[in-house]
Amino acid sequence: MKINIKRDSVVCYEIEAKNQTLLEALNEIKITQDCSLAYNSGCRSSVCGSCAVRVNGREVLACSYHVQDGDFVEPLNNTPVIRDLVVDMDKAYAFNAKAKAYQSSITSSVLLSHEDEKLNEVQSNCILCGSCYSACPVYAINSEFLGPFSLTRVWRYVSDKRELNKKEKIDTVQINGVWDCTLCNACTLVCPQGISSKADIEKLRARSVMFGYMDPSFSNFGGGLSF
Amino acid sequence: MKSVIIIGAGGAGLVAALSAKESGAKVTVITKEYPTRSQTCMAQGGINAVLSEDGGDSIELHVQNTLKSAAGLADENAVRYMCQEAPHAVAWLDSIGVGFSRTNESKIAQRKLGGAYAPRACYAQDYTGLKILHTLYDRCLAEGIEILNERYLLEFLTCKDAQEKIFVYGVSVLNKRSGEVQTYEAQSVIVATGGYSRIYHNYSTNSVSSTGDGIATALRAGAKASDLEFVQFHPTALKNSSILISESARGAGGYILNSKGERFVNELLPRDEVSKAIDDEIAKGEDIFLDIRHLGLEFIEKELPQEAKLAKLYENIDPTCELIPIKPAAHYTMGGIDVDENSSTCIAGLYAVGECANHRVHGANRLGGNSLLELVVFGRQVGKNAAEYAKNTDKNLDLQERKIVLQEQITEIKEYTNEINFYEKQKFIGDLFYKNVGIKRDKTALQNVLNEVQEIKSILPKMGLSDKTKIYNTNLIEFLEFKNMLELAEFIIISAINRQESRGAHFRVDFPTADDEKFKAHSIIDKNGAICYED
C-alpha cells in the first residue's frame with residue numbers, strides 16, 4: 001500500500017500492508033527506507049500523547065490508527081512544525097499555565113465521595129496529545145485562545161472539591177477563554193480519550209454566569225451593564 | 001540562588017523538582033520529551049500504602065511483603081522508610097489533586113496486587129500513573145518550575161576537587177530542535193531518567209524512551225550501578241505488541257490459562273514466579289491466555305477500561321467474551337545507579353531517583369504498586385537533599401570547553417560510515433536478550449550474547465547515521481540511545497554471568513537455587529565492568 005507523508009514536500013512511501021497501525025508503518029519506513037523521517041512516539045498504547053498527527057485532515061494517534069492505502073499524513077495544525085511530523089508544543093502547553101490549570105493551593109483532609117470523583121474522572125484522563133488544539137478553528141482568528149485542553153483542565157480543577165478558590169479559576173478564563181469558543185465541537189470529535197472540551201467549556205460558562213460574568217458578545221447589546 | 005537541575009520529567013523527576021523548589025533551590029527540569037509523555041503515564045495498577053490498619057493490613061506487613069518479594073536482596077531500612085512514608089505520600093498526592101478512585105465511604109479505593117497480603121494499591125481506575133503524572137505536572141506549573149523540553153542528555157559535567165573527590169557542576173545536552181550542544185551549570189544534579197527495559201526492544205512493555213540514558217551517562221561520569229542483572233518480566237503483556245495488561249486484571253480475579261484451558265499457576269504470586277511458570281508452559285509448546293470474562297462487562301468497563309481498549313485495539317479481542325493472548329515481557333529494571341540512603345551517588349552533588357536509581361527497596365523482584373510509591377517517597381527526599389547540598393556548594397567552572405569537545409563528538413558520529421544499519425542490530429540484541437538474558441539464563445548462552453554485544457560495540461564506527469542534518473535529527477538521537485543501551489547491555493550480562501545462583505527475577509538454569517553465602521549481596525559495577533558485592 002501507499003501512504004503519503006507531508007514533509008518539505010509530500011513524499012509517497014510504499015509499505016507492506018498487514019493490518020498495522022500508522023505508528024508501525026512509520027517505524028517500518030524509518031528502519032527500512034528512510035532514516036531521516038522525523039516523528040514522535042512513546043508508549044505505543046495511546047496514553048502518552050506523543051504521536052498525534054493528522055490523517056486525511058483528521059487528528060489521530062498514530063499508535064491507535066490502522067493505516068489505509070492512500071492515507072495522507074500531516075503534522076498537527078496550529079503549532080509550528082519543527083520537522084516532518086514533529087511540531088513544537090511549547091506554546092500550546094504554555095496555555096495550561098496561562099489558564100492556571102492547576103489546583104490553586106495544597107489542601108488536606110478534603111473527603112471526596114464516589115460521586116465527587118466521577119465529576120472529573122473523564123477530564124483527568126486527558127493525555128495532552130494536542131489533537132483538540134490542532135482541530136480548533138478559533139486559532140485562525142485568535143492565537144491567544146486558551147484552547148480546548150487547557151479549558152478542560154481548568155474545569156477538571158473547578159469541578160473538584162479540593163479546589164478552594166474556584167472564583168480565581170473562573171476569573172482567569174474570561175479573556176481569551178470560555179467566551180471565545182465557537183462551540184463547534186471539533187475538539188470532541190477528535191479526542192482519543194472521549195473528552196468533550198466543548199461540554200467542559202459550556203460548564204465553565206455556566207459557572208462564570210454564577211460568578212456574575214456574562215457572554216461579552218451580549219454585553220454589547222444592552223449597554224450600561226457593568227460589574 | 002543555588003540551582004538544582006533535574007534530568008528527566010517523569011514522576012520521580014517532577015516530585016524531586018517540587019521538593020527541591022520547596023527547599024529553596026532554583027530548579028530546572030530537563031527532559032528529552034515533554035513531561036507528560038514520560039514512562040510514568042503507563043503505570044496502571046496503583047501505588048501501595050497502608051492507609052488504615054483496621055482491616056488487618058499493617059505497615060509491617062507491607063514491609064514483609066516487599067522483603068519477601070525482593071528475595072533477600074532489599075535493604076530493610078530503606079524498605080521500612082518507604083512503607084512508613086507511604087501513607088504520607090498518598091495523602092500528599094491527594095492534597096495536590098490526584099483523582100484517585102474512591103470507595104462508598106469516601107475513602108481512597110485500594111485493590112490487591114500480586115504478592116500483597118491485602119488490598120493496598122491506591123488506584124485511579126487503571127490510569128493511576130497517568131493521573132499522578134499529569135497532576136504533578138500541573139503542580140509544577142503552579143509553582144512556576146522551569147521545564148526545558150526536548151533536550152537529550154549527553155554528559156554530567158564533573159571535575160575533581162583538591163582532595164581528588166569527583167563532583168558534578170552541570171550537564172550538557174543536545175537540543176533536539178536546534179541540533180546544538182548546550183551546557184547548564186548547577187550545584188547539584190538529580191538523575192531521574194527511568195529504566196532500561198527497551199534493551200529488550202520488541203519484548204518490552206515500556207515506552208520507546210526507556211533506554212537507560214541516565215544510568216549509562218552516570219557510569220561514564222564515574223558513578224556506580226548496582227543489581228543490573230535483575231530485570232522484571234511482567235507476566236501479562238499482549239502477545240503481539242508486548243503492550244501491558246495491568247496486574248489489576250489478575251488482582252481482580254483474572255485467570256491465566258494454557259491452550260487446554262487449564263490454570264497452571266497461582267495468578268497472585270509475585271511477578272517473577274508467574275512469569276517463570278508461563279515461560280515453562282510456553283517451552284512445552286502451550287499458548288498462554290489471560291481470562292477475565294468471568295469478571296463481567298460492568299466490572300471490566302468500570303475498573304479496567306484501558307485494558308479492554310488495548311486488547312481490542314492490538315489483538316482485536318473483546319476481553320468480556322474472549323481470551324486475551326499474552327506473553328511475559330521486560331517491564332521494570334530493578335537495577336540502576338547505586339545510591340546511598342540520601343539518594344546520593346558516589347559523585348558529590350549527583351543524585352538519582354526513580355527507576356534509574358537503585359534504592360535497594362525492590363531487591364531481586366519488585367512488588368507491583370511499589371514503583372509509583374518509590375518515586376514519590378524518594379523523590380521528596382532527594383529534592384530536599386539536593387537543594388541542601390546546592391546551598392552549601394560554591395564552585396564555578398568553565399562550561400565552554402566541554403561544549404566544544406561534545407560538539408566534536410557529535411560531528412565525529414556523523415562521519416561514521418553507516419555501512420551497517422544500527423536499527424537491525426538493536427532488534428537483534430533485543431531478540432537475543434529476551435531469549436538468553438530473560439526469564440531463564442545460563443552461562444554458555446550469556447557468554448555468547450556478551451560476545452555478540454562486544455562485537456557490535458567494536459563495529460559502531462561502521463554504523464552511524466544516514467541523516468546528517470541538524471534540526472530534529474531522530475536518527476542521531478536514536479543512535480545515541482542505542483549506544484547507551486549497548487554499554488548497559490554489556491554490564492547487565494557481566495552482572496548476570498557473575499551471579500552464579502538463582503534469586504528473584506534472575507534465574508540461572510545452571511545454578512537453580514539461591515546461594516546466600518556468596519550472593520545475598522548487591523552486585524556493584526563500574527564503567528570498566530569490574531564487579532564487587534556489597535551487603
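Of note:
- Some residue of segment B:69-76 being more than 9 Å from chain A (Cβ to nearest Cβ), touching a helix residue (DSSP H, G or I) at 6+ places or on another chain (Cβ under 6 Å) and more than 24 Å from A:Y157 (Cβ to Cβ): yes
- Looking across segment B:420-441, the residues that are within 14 Å of chain A (Cβ to nearest Cβ) and open to solvent by 60 Å² or more (accessible area, probe 1.4 Å) come down to B:E424, B:K427, B:F428.
- Residues satisfying the stated conditions in segment A:125-140, i.e. open to solvent by less than 10 Å² (accessible area, probe 1.4 Å) and more than 11 Å from the chain's Cα centre (by Cα): A:V138
- Top-ranked residue in segment B:488-523 [being acidic (D, E) and under 15 Å from B:Q447 (Cα atoms); ranked as surrounded by the fewest Cβ atoms within 10 Å (Cβ to Cβ)]: B:D510
- Within segment B:518-535, residues that are in contact (Cβ under 8 Å) with a residue 60 or more places away in the chain and within 18 Å of B:A357 (Cα to Cα) reach partners that are open to solvent by less than 70 Å² (accessible area, probe 1.4 Å) and β-branched (V, I, T) with beta carbons closer than 6 Å, at six or more positions or on different chains, in the pairs B:S523/B:I531; B:I525/B:I531; B:E534/B:I524.
- Residue that is nearest to the chain's Cα centre (by Cα), among those in segment B:254-277 that are assigned to a strand (DSSP E or B) and of a type outside the set (A, V, I, L, M): B:Y255
- Of all residues in segment B:294-321 being away from chain A (no Cβ under 14 Å) and acidic (D, E), the one that is surrounded by the fewest Cβ atoms within 10 Å (Cβ to Cβ): B:E298
- Only a single criterion out of (1) surrounded by 19 or more Cβ atoms within 10 Å (Cβ to Cβ); (2) modelled with pLDDT of 95 or more is not satisfied by B:S58, namely (1).
- Among strands (runs of 3 or more DSSP E) entirely within segment B:127-216, having at least 2 residues that are within 20 Å of the chain's Cα centre (by Cα) singles out B:151-160, B:188-191.
- Looking at A:S108, A:S104, A:S124, A:S134, just one residue is at pLDDT below 95 and either assigned to a helix (DSSP H, G or I) or not aliphatic (A, V, I, L, M) (or both), and that residue is A:S108.
- Note on segment B:447-461: residues that are surrounded by 13 or more Cβ atoms within 10 Å (Cβ to Cβ) and of a type in the set (D, E, K, R) total 2.
- Only residues that are within 8 Å of another protein chain (Cβ to nearest Cβ), without any contact (Cβ under 8 Å) to a residue 60 or more places away in the chain and open to solvent by 10 Å² or more (accessible area, probe 1.4 Å) were counted in segment B:108-143, giving 2.
- Restricting segment A:115-139 to residues that are of a type in the set (S, T, Y) and under 12 Å from A:T152 (Cα atoms), the residue that is nearest to the other protein chains (Cβ to nearest Cβ): A:S124
- The one condition from (1) modelled with pLDDT under 95; (2) within 17 Å of A:N125 (Cβ to Cβ) that B:Y117 does not meet is (2).
- Residues that are open to solvent by less than 10 Å² (accessible area, probe 1.4 Å), facing chain B (nearest Cβ under 8 Å) and not in a loop (DSSP other than H, G, I, E, B) within segment A:22-45 comprise just one, A:K30.
- Where A:Q68 falls short, out of the listed (1) open to solvent by 20 Å² or more (accessible area, probe 1.4 Å); (2) touching an Asp or Glu at 6+ places or on another chain (Cβ under 7 Å): (2)
Listed here are the residues, each with its yes/no results for (1) modelled with pLDDT of 95 or more; (2) within 14 Å of another protein chain (Cβ to nearest Cβ); (3) not in a loop (DSSP other than H, G, I, E, B).
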residue	(1), (2), (3)
A:E144	yes, no, no
A:W155	yes, yes, yes
A:K161	yes, yes, no
A:E168	yes, yes, yes
A:D171	yes, no, yes
A:N176	yes, no, no
A:T188	yes, no, yes
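- Residue in segment B:230-249 that is farthest from B:V361 (Cα to Cα), counting only those that are assigned to a loop (DSSP other than H, G, I, E, B) and not hydrophobic (A, V, I, L, M, F, W, C): B:N240
- Just one of the listed residues (B:I324, B:I337, B:I347) is crowded, with 22+ Cβ neighbours inside 10 Å, touching a Ser or Thr at 6+ places or on another chain (Cβ under 9 Å), among the hydrophobic types (A, V, I, L, M, F, W, C) and under 30 Å from B:K165 (Cβ atoms), namely B:I337.
- Listed by first and then second residue, the pairs with beta-carbon distance under 7 Å, at least 6 apart or on different chains, first residue in segment B:365-387 and in a loop (DSSP other than H, G, I, E, B), second of a type in the set (V, I, T) and buried (at least 24 other Cβ atoms within 10 Å of the Cβ), are B:L367/B:T66; B:G369/B:I47.
- Close pairs from segment A:173-187: first within 11 Å of A:L151 (Cα to Cα), partner open to solvent by less than 20 Å² (accessible area, probe 1.4 Å) and part of a loop (DSSP other than H, G, I, E, B), Cβ under 8 Å, at least 6 apart: A:V173/A:A99; A:V173/A:L146; A:N176/A:F145; A:N176/A:L146; A:G177/A:A99; A:G177/A:F145; A:G177/A:L146; A:C181/A:F145
- Matching residues, segment A:89-108, being in contact with an Asp or Glu (Cβ under 9 Å, 6 or more places away or on another chain) and more than 7 Å from chain B (Cβ to nearest Cβ): A:F95, A:K98, A:K100, A:S104, A:S105
- Selection within segment B:469-487 - open to solvent by 50 Å² or more (accessible area, probe 1.4 Å) and more than 9 Å from chain A (Cβ to nearest Cβ): B:K470, B:K483
- Criterion violated by B:N385 - all others in (1) surrounded by fewer than 20 Cβ atoms within 10 Å (Cβ to Cβ); (2) at pLDDT 95 or above satisfied: (1)
- Of all the residues in segment B:396-422, those that are touching a Gly at 6+ places or on another chain (Cβ under 9 Å) and not acidic (D, E) number 11.
- Index of the failed condition, B:T444 passing every other in (1) closer than 20 Å to A:S36 by Cα; (2) of a type in the set (S, T, Y); (3) open to solvent by 70 Å² or more (accessible area, probe 1.4 Å): (1)
- When B:A9, B:A20 are checked against the criterion of being in contact (Cβ under 8 Å) with a residue 60 or more places away in the chain, under 23 Å from B:A91 (Cβ atoms) and among the hydrophobic types (A, V, I, L, M, F, W, C), a single residue qualifies: B:A20.
Results for (1) touching a residue at least 24 places away in the same chain (Cβ under 8 Å); (2) of a type in the set (G, A, S); (3) open to solvent by 30 Å² or more (accessible area, probe 1.4 Å), shown as yes or no for each residue.
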| position | (1), (2), (3) |
| --- | --- |
| A:N165 | yes, no, yes |
| A:I170 | yes, no, no |
| A:L189 | yes, no, yes |
| A:K198 | yes, no, yes |
| A:M210 | no, no, yes |
| A:Y213 | yes, no, yes |
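The values are calculated or read from the model by the stated rules, or taken from the named source; none is laboratory data. Keep in mind it's a predicted model, so treat the numbers as computed, not measured. Backbone-built Cβ (ideal geometry, glycine too); neighbour counts: all protein chains shown. These area figures cover heavy atoms from the full protein model, side chains too; ligands, DNA and RNA do not enter into them. Shrake-Rupley method; radii C 1.70, N 1.55, O 1.52, S 1.80 Å.
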